[in-house]
Amino acid sequence: MAVKSTASKGGRHKTVFSCSECGSQAAKWAGQCGDCGAWNTLIEDIITTSSKTAPRYSGYAGESAVCNITDVSVVARARVSTGFSELDRVLGDGLVNGSAVLIGGDPGIGKSTLLIQAIASLSQRVGTLYVTGEESLQQVSMRAHRLGLASDKVRLLAETQVQRILALADKEKPGVLVIDSIQTVYTDQLNSAPGSVSQVRESAAHLVQYAKQSGTSIFLVGHVTKEGALAGPRVLEHMVDTVLYFEGDASSRYRVIRAVKNRFGAVNEVGVFDMSEKGLREVSNPSAIFVSRHQEPVSGSVIMVTREGTRPMLVEVQALVTESHLPNPRRVTVGLDQNRLAMLLAVLQRHGGIAMYDQDVFVNVVGGVRLSETAADLAVILSALSSMRDKALPNDLAVFGEIGLAGEIRPVQNGQERIKEAAQYGYKRVIVPLANKPARPIKGLEVIAVQQLVEAIEQL
Ligand code: TYD
Ligand code: MG
């Protein structure tokens with residue numbers, strides 16, 4: 001097979017194009033893999049030819065000796081605060097030294113803003129280097145100035161070649177390194193354009209390896225597009241220790257950051273921020289903002305207590321049920337799983353005797369929050385029922401619970417904590433699964449424990 005070889009400082013290396021589906025290799029790029037016929041799967045790759053060349057990244061390589069798990073000395077890794085308690089919590093109580101953190105999100109959602117604010121705060125405690133590949137030094141500096149940040153100790157670099165970035169970082173020896181963004185960084189070893197899957201993967205591998213060797217923490221910024229058309233940061237998820245994603249849309253004021261992977265903390269932990277003219281501000285009581293608290297009770301609205309990561313949170317689920325003129329009535333969800341809605345409506349028909357086959361059903365979670373847990377089931381069903389009957393639920397009612405296919409209400413995790421959260425925000429009544437009923441009564445709170453869907457419906 002003919003492979004192209006180039007000489008560079010790191011030694012001789014060759015590049016091939018390998019198929020990400022079947023692994024077969026080709027000398028030239030093509031739209032379709034000649035072996036398996038998959039489209040758009042050929043990715044440029046480096047093959048190291050001799051052992052003399054610089055070793056290629058190959059995951060974490062420790063000492064190669066077998067030992068007993070209890071014999072490994074465990075040292076708690078030092079953590080440093082980013083200055084945002086919301087961000088610290090999502091990271092798992094601060095930024096761990098030598099960790100690699102990927103921050104993903106749509107363009108314009110606030111990744112650069114969050115990082116310049118965090119870096120300014122971090123620079124008061126550790127050395128920091130902010131590498132910008134997207135904005136000019138003037139733009140970054142102007143933004144820091146406009147946000148009124150104490151950024152006199154922040155070191156800046158405008159560079160996109162990964163070897164040069166690492167050479168300079170080696171001189172500066174920062175405690176925290178920011179790469180904004182990984183899509184602009186490239187290595188000379190590959191010919192593909194910056195932002196392509198192979199460039200993103202290879203550059204990130206160098207950076208992550210540097211972080212592990214030097215003990216520097218790195219933040220990698222990555223853009224994701226809705227279609228995932230651009231070489232998204234998804235290919236990096238397995239390389240880094242922590243993956244944070246910005247949720248919600250750029251048009252709303254609130255920004256939710258969720259940990260989707262974390263080697264040093266809980267996943268699904270969320271941090272809530274408010275985008276203001278002075279940058280991002282943390283919201284420490286998110287329960288207060290995702291609930292619209294209508295003056296008068298309105299139909300189709302139900303407050304539920306969700307638990308994201310380690311914190312319970314009140315969110316509002318809204319439903320609209322209207323007569324359908326379509327052969328296939330619509331089941332539309334925003335912030336929830338659509339299939340789950342279809343399943344719940346089937347359970348309601350079979351075990352509650354209420355059919356919505358001639359109705360369009362729309363369900364939305366207020367504030368751009370995404371609910372992935374099954375504890376939302378009860379709220380979804382009750383809001384749909386409330387809308388269909390145009391009957392409002394009381395203002396001071398909160399619910400949670402999973403619904404099984406047999407029409408039973410199943411318990412969810414951390415019921416006590418959820419009930420307490422509702423009581424704390426002034427709710428007077430909760431409908432909860434029987435198994436989540438607290439052993440002792442809570443003052444000022446009526447707990448309605450239900451075991452079957454019909455019992456919950458009767459409460460309406
Ligand atoms: P930015 O951090 O540049 O987004 P990203 O790096 O994720 O692409 O955020 C840009 C958006 O944030 C832009 O639409 C304007 C808004 N913004 C504010 O509303 N207030 C501010 O103080 C700043 C700095 C940005
Ligand atoms: Mg940016």
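Miscellaneous remarks
- Helices (runs of 4 or more DSSP H) contained in region 108-208 and holding at least 2 residues touching a residue at least 12 places away in the same chain (Cβ under 8 Å), polar (S, T, N, Q) and within 16 Å of ligand 1 (Cβ to nearest atom): 111-122
- Selection count where residues are open to solvent by 90 Å² or more (accessible area, probe 1.4 Å), in contact with a strand residue (DSSP E or B) (Cβ under 6 Å, 6 or more places away or on another chain) and either at pLDDT 85 or above or among the polar types (S, T, N, Q) (or both), scope region 58-89: 1
To keep it simple, each residue is scored yes or no on (1) under 13 Å from Glu316 (Cβ atoms); (2) buried (at least 17 other Cβ atoms within 10 Å of the Cβ).
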{"site": "His351", "(1), (2)": "no, yes"}
{"site": "Phe362", "(1), (2)": "no, yes"}
{"site": "Val365", "(1), (2)": "yes, yes"}
{"site": "Ala375", "(1), (2)": "no, yes"}
{"site": "Leu378", "(1), (2)": "no, yes"}
{"site": "Ser383", "(1), (2)": "yes, yes"}
{"site": "Lys391", "(1), (2)": "no, no"}
{"site": "Ile403", "(1), (2)": "no, yes"}
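- Residue selection: Val240 fails the criterion of being surrounded by 18 or more Cβ atoms within 10 Å (Cβ to Cβ), touching an Asp or Glu at 6+ places or on another chain (Cβ under 6 Å) and modelled with pLDDT of 90 or more.
- Among strands (runs of 3 or more DSSP E) entirely within region 347-460, having at least 2 residues that are within 22 Å of Arg331 (Cβ to Cβ) singles out 359-365.
- Of residues in region 250-271 being free of Cβ contacts under 8 Å to residues at least 40 places away in the same chain and open to solvent by 50 Å² or more (accessible area, probe 1.4 Å), the one nearest to the chain's Cα centre (by Cα): Val260
Residue-by-condition table, conditions (1) open to solvent by 60 Å² or more (accessible area, probe 1.4 Å); (2) within 16 Å of ligand 2 (Cβ to nearest atom); (3) closer than 23 Å to His206 by Cβ; (4) at pLDDT below 95:
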site: Lys153; (1), (2), (3), (4): yes, no, no, yes
site: Asp170; (1), (2), (3), (4): yes, no, yes, yes
site: Ser181; (1), (2), (3), (4): no, yes, yes, yes
site: Thr187; (1), (2), (3), (4): no, no, yes, yes
site: Asn191; (1), (2), (3), (4): yes, no, yes, yes
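- Residue among Arg418, Arg410 that is open to solvent by less than 20 Å² (accessible area, probe 1.4 Å) and closer than 23 Å to Ser372 by Cβ: Arg418
- Of all residues in region 209-223, those satisfying the criterion of being out of contact with any strand residue (DSSP E or B) (no Cβ under 9 Å at 6 or more places or on another chain) and either closer than 20 Å to Leu244 by Cα or part of a loop (DSSP other than H, G, I, E, B) (or both) are Gln209, Gly215.
- The number of residues in region 97-107 being open to solvent by 30 Å² or more (accessible area, probe 1.4 Å) and within 9 Å of ligand 1 (Cβ to nearest atom) comes to 2.
- Any hit, region 35-51, residues being part of a strand (DSSP E or B), at pLDDT 80 or above and farther than 30 Å from Asn191 by Cβ: no
The values are calculated or read from the model by the stated rules, or taken from the named source; none is laboratory data. Since the model is a prediction, treat every value here as computed from it, not as a measurement. Virtual Cβ from ideal backbone geometry, glycine too; neighbours counted across all protein chains shown. Remember, those area values only see protein heavy atoms, side chains included, never the ligands or the DNA or RNA. Shrake-Rupley method; radii C 1.70, N 1.55, O 1.52, S 1.80 Å.
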